[in-house]
Amino acid sequence: SGIILVKYWFSITDQEQQLRFLMRIHDPIKQWKLSPMDLQSRVRWEQYTKAKEAMFERTSIPEAPWYIVEGNDKKRARLNCIQHLLSQIPCEDVPHQPVVLPERVFDPNYERRTLP
C-alpha cells in the first residue's frame with residue numbers, strides 16, 4: 001500500500017530529565033511546560049522504564065522496528081532523527097528545467113522610498 005511506519009523513541013537520562021525539570025521550575029517562562037504527569041514521571045521513573053521496555057519487546061517487528069534516539073542533546077537528536085527518517089523513504093530525482101535568474105529591470109526615474 002506504500003505506507004511506511006517509522007517509530008522513534010527519544011531517550012534521555014534520568015539526570016538530564018531532572019536538569020530539564022529544574023530549569024522549568026525555576027524559569028517562569030517555561031513553567032507552563034510542566035504538567036502534573038511530568039512531575040509524576042519523576043516518581044515513576046523505573047515503572048515507566050519497565051513499561052517502555054515491555055512495549056519495545058512486544059511492538060518492535062522487522063517491518064516496523066523502534067529506533068531509539070539519544071536525546072540528551074535536543075538539537076543533535078532532532079537532526080539525527082530527521083536524517084534517519086529521510087534515509088528510510090525511497091526517493092528519486094525529479095526532472096526539472098534549470099532555473100535562470102533574469103536581469104533586473106532598471107528604471108532611472110524610480111526612487112525607492114525610505115521606510116518609516
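The values are calculated or read from the model by the stated rules, or taken from the named source; none is laboratory data. Note that this is a predicted model, so its numbers are computed, not measured. Methodologically, a virtual Cβ is constructed for each residue, glycine included, from the backbone with ideal geometry; neighbour enumeration extends over all protein chains shown. Please note that ligands, DNA and RNA were not included when accessible areas were found on the heavy atoms of the full protein model with its side chains. Shrake-Rupley method; radii C 1.70, N 1.55, O 1.52, S 1.80 Å.
Worth pointing out:
- Aspartates and glutamates whose Cα lies under 12 Å from that of LYS7, excluding same-chain neighbours fewer than 8 positions away: GLU63
- Between the amide H of ILE12 and those of GLY71, distances stay under 5 Å, these residues lying 5 or more places away or on another chain, with hydrogens modeled in the peptide plane.
- Amide H partners (placed H, <5 Å) of TRP66, local residues excluded: ILE61
- Once the Cβ-Cβ distance of TRP45 and LEU22 is raised to the sixth power relative to R0 = 22 Å, the FRET efficiency obtained is 0.90.
- When the Cα convex hull of the chain is projected onto planes of every orientation, the mean area is 16.0 nm².
- The phi torsions of region 93-106, fed into the Karplus equation with coefficients 6.51, -1.76 and 1.60 and a -60° offset, translate into couplings of 5, 9, x, 8, 6, x, 8, 10, 7, x, 5, 6, 7, 10 Hz, rounded to whole numbers, with Gly and Pro shown as x.
- The chain - percent of accessible surface contributed by carbon and sulfur, probe 1.4 Å: 58 percent
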